[in-house]
Amino acid sequence: MSRPNGQLAIDVQGVHKSYRLGRVTLKVLRGVSLQVERGRFVAVVGASGSGKSTLLHLAGVLDRQDSGTIKINGVDMQSVGAAGRNRIRCRDIGFVFQFYHLMGELNVLENVMLPAMVDSSALGWLHKRRGAKAARARAMDLLEKLGLDDRLKHRPRELSGGERQRVAIARALINDPDVLLADEPTGNLDSKTGRQIMRLLKSFNDAGQTIVMVTHDASLVKECDRVEHLRDGRLNA
């Protein structure tokens, strides 16, 4: 991975997003613009309900905006079909969520390898032994870096909250994504464990990983390259 070179990994321009709740229209984002250069660590801070997760879901191609443009590596997402959006979600973007979303029936190693399996057809996965071996090696390397090489066969229920979040980080990085999106990655952890997770994210950023993190805890973002404040659906309003 390279350090910042001026190229935009994410370019959000004038984005609006609303949701219908019965007869009421809830305006969540009101003309938000956000540019993230490759290799940067950008934090978006705001209170609960300010639209942070909505912004991250739009930037991660999990949802569609009402208006405005979103470009990933220079490609306008409005011009990309469903198959293309799926590929971008799987290969170009890694997701880390507050509540981990690990598969309880899979062990740690299997959870981390899951996105690599999804990125291949079932038949292709069975026959491309070289690809499967490479994915396994990548997963084991990530888990070793995250201090989980002795937890490979454990199920999520056998792990602490911090360990589960580290598994989720490894899973998000398995396909070597251009951008890592972290939605309140410390929100379900105690303060000490939260700081440990922040140090891990910073170490990956130091190695060149682009990261966008949303959080309500302003004390965790001191080492980020930039902090954006989201209030009432607007950045830095």
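The values are calculated or read from the model by the stated rules, or taken from the named source; none is laboratory data. Small disclaimer: the values here were computed from a predicted structure and weren't measured. Using ideal geometry, Cβ is built from the backbone for each residue, glycine included, and neighbour counts are taken over all protein chains shown. Calculation scope for accessible area: heavy atoms of the full protein, side chains included, ligands and nucleic acids excluded. Shrake-Rupley method; radii C 1.70, N 1.55, O 1.52, S 1.80 Å.
For this structure, a couple of remarks:
- Top of Ala137, Ala170, Ala82 by mean-square fluctuation, Gaussian network on the chain, Cα under 10 Å: Ala82
- Surface per residue (accessible, 1.4 Å probe) for the chain, Å²: 50
- Each of Met140, Asn175, Ser191 was placed along the dipole of region 131-201 (beta-carbon charges, centred on the mean Cα), and the one lying farthest toward the positive end is Met140.
- Relative to the Cα centre, the charge distribution of the chain, modelled as +1 at Lys and Arg Cβ and -1 at Asp and Glu Cβ, gives a dipole magnitude of about 320 debye.
- The fraction of accessible area contributed by carbon and sulfur in region 151-237 is 41 percent, rounded to a whole number (1.4 Å probe; ligands and nucleic acids excluded).
- Of all aspartates and glutamates in the structure, those lying under 12 Å Cα to Cα from Lys202, and not within fewer than 8 positions of it along the same chain, are Glu223, Asp225.
- For the chain, the 222 nm mean residue ellipticity estimated from helices alone, with every DSSP H stretch of n ≥ 4 adding -39500 (n - 2.57) and the total spread over all residues, rounds to -10000 deg cm²/dmol.
- With every protein chain in place, region 17-66: carbon and sulfur % of accessible area (1.4 Å): 47
- Against the set [x] 7, 30, 30, 22, 10, 1, 0; [y] 8, 31, 36, 20, 5, 0; [z] 7, 29, 33, 21, 8, 1, the structure's computed P(r) over Cα pairs in 10 Å bins from 0, in percent falls on [y].
- Exposed-site-free run, longest, the chain (rule: GluC sites (Glu not before Pro); DSSP loop; at most 15 other C-beta within 10 Å): 106-222
- Links that overshoot a 27 Å alpha carbon limit, given the list Lys153/Lys222; Lys52/Lys153; Lys27/Lys222; Lys27/Lys71; Lys71/Lys153; Lys145/Lys222: Lys153/Lys222; Lys52/Lys153; Lys27/Lys222; Lys71/Lys153
- The portion of the accessible surface of region 68-109 made up by carbon and sulfur, rounded to a whole percent, is 54 (1.4 Å probe; DNA, RNA and ligands excluded).
- Of the residues Tyr100, Tyr19, the one with the largest accessible area comes first in the ranking Tyr19, Tyr100, computed with a 1.4 Å probe on protein heavy atoms.
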